[in-house]
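Enquirer: One structure coming up, written as structure tokens, with questions to follow.
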Amino acid sequence: MASHWGRVQPSPGDLIEVKRPVYQHWALYVGDGYVIHLAPDCEVAGAGIGSLGSITCDQAKIQKVALKVVVGGDLYRVNNQLDDKYEPLPVGMIIYAAEHQVGRTIPYDLITNNCEHWVNNMRYGVPESRQILNLVLRASKKSSMVHTLVLVGVLIYKVVRIFPGKS
């Protein structure tokens, strides 16, 4: 269900996966060159590795912006990754629901409520993130020190936020 990495022409309702150095950012294509995506308050669009600031965010704004702004210099692809698992909602319903959320600020959590959760909820009605599961699986293999360090860092940060002053 995923196209090759590059600059592809999506259709309305498609999920756009933007390749970042450590993780992928996700957006929903709504047509005419625009996407709607979940933008953590402390993340900079098109910042690549600099967008790791999303680890510390606890809120995100739903924004409608040009696809080229979200992508910046990174590669992207259409990745309707859960089409084999869930029936996509009708395109009109997907676009309507997303458009009516633009401008809202919602809780954000890298592990439980990130941009991938949001786009999958829009397309399928199910807030799911395979990226987090894949990160854990990659980190469990000794082949990926960067992924392991990112995962450990995120988990330590989350524990410190949950139990301040207990360390």
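Enquirer: Being modelled with pLDDT of 90 or more and within 18 Å of Y108 (Cα to Cα), is that true of even one residue in segment 49-60?
Expert: Let us first name the residues in segment 49-60 that are modelled with pLDDT of 90 or more, namely 59-60.
Subsequent filtering for residues that are within 18 Å of Y108 (Cα to Cα) retains 59-60.
Taking every residue of segment 49-60 in turn, at least one turns out to be modelled with pLDDT of 90 or more and within 18 Å of Y108 (Cα to Cα).
Enquirer: Output the residues belonging to segment 62-110 that are among the basic types (K, R) and crowded, with 16+ Cβ neighbours inside 10 Å.
Expert: Within segment 62-110, the first condition is being among the basic types (K, R), and the residues that meet it are 64, 68, 77, 85, 104.
Once the filter is applied, which keeps residues that are among the basic types (K, R) and crowded, with 16+ Cβ neighbours inside 10 Å, segment 62-110 yields K64, R77.
Enquirer: Got a sec? Which of P90, P164 is farther than 23 Å from W5 by Cα, over 18 Å from the mean Cα position of the chain (by Cα) and modelled with pLDDT of 95 or more? Show your work before the answer.
Expert: Details: P164 fails: modelled with pLDDT of 95 or more.
That would be P90, the only listed residue that is farther than 23 Å from W5 by Cα, over 18 Å from the mean Cα position of the chain (by Cα) and modelled with pLDDT of 95 or more.
The values are calculated or read from the model by the stated rules, or taken from the named source; none is laboratory data. Here the structure is a predicted model, which is why all the values come from computation and not from measurement. Because the Cβ atoms are built from the backbone with ideal geometry, glycine has one as well, and the counts that use them run over all protein chains shown.
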